[in-house]
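The values are calculated or read from the model by the stated rules, or taken from the named source; none is laboratory data. Computed from a predicted model, the values in this text were never measured in an experiment. With ideal geometry, Cβ positions are generated from the backbone for all residues, glycine too; neighbour counts draw on all protein chains shown.
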Amino acid sequence: MTDAISVNFCIELRDKLAIELTELKNMLYFKNEEIKQLQNLIEKKETTMTELKTNIINNCDHEWETDFIDSLEGYKLSVPIRYCIKCELNDATHS
Ligand SMILES: [Zn+2]
């Protein structure tokens, strides 16, 4: 009697776990699909941003300024950098 209950309990538990595992796999699949969609959206927005930046730079009446940025924290050496105060184009992004 006890053995029968124990066997039935094990079968019931196994079935419940199998259902839960299937549900978790489905949930994981949908989450992965959601991530893919969001990655595509980010990619599209990045492309739009790049196009906008290029457009701004190409149509900017540049106003150049030279500034100095610290090469390393704690060091007094500074690196000169020329940039446009309107569109932020600089020697590094320009080359
Ligand atoms: Zn500019």
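Observations, loosely collected:
- When the residues of region 60-87 are filtered to those that are aliphatic (A, V, I, L, M) and modelled with pLDDT of 85 or more, the one that is surrounded by the fewest Cβ atoms within 10 Å (Cβ to Cβ) is I85.
- From T54, T48, residue being within 16 Å of the ligand (Cβ to nearest atom) and part of a helix (DSSP H, G or I): T54
- Condition met for T50 (modelled with pLDDT under 95, surrounded by 10 or more Cβ atoms within 10 Å (Cβ to Cβ) and among the β-branched types (V, I, T)): no
- Filtered by the rule that a residue be acidic (D, E) and over 30 Å from K86 (Cα atoms), region 1-59 gives D3, E12, D15, E20, E23, E33, E34.
- Test: I57 is modelled with pLDDT under 95 and surrounded by 10 or more Cβ atoms within 10 Å (Cβ to Cβ): no
- When I35 is tested against (1) at pLDDT 95 or above; (2) exposed (fewer than 10 other Cβ atoms within 10 Å of the Cβ), exactly one condition is not met: (2).
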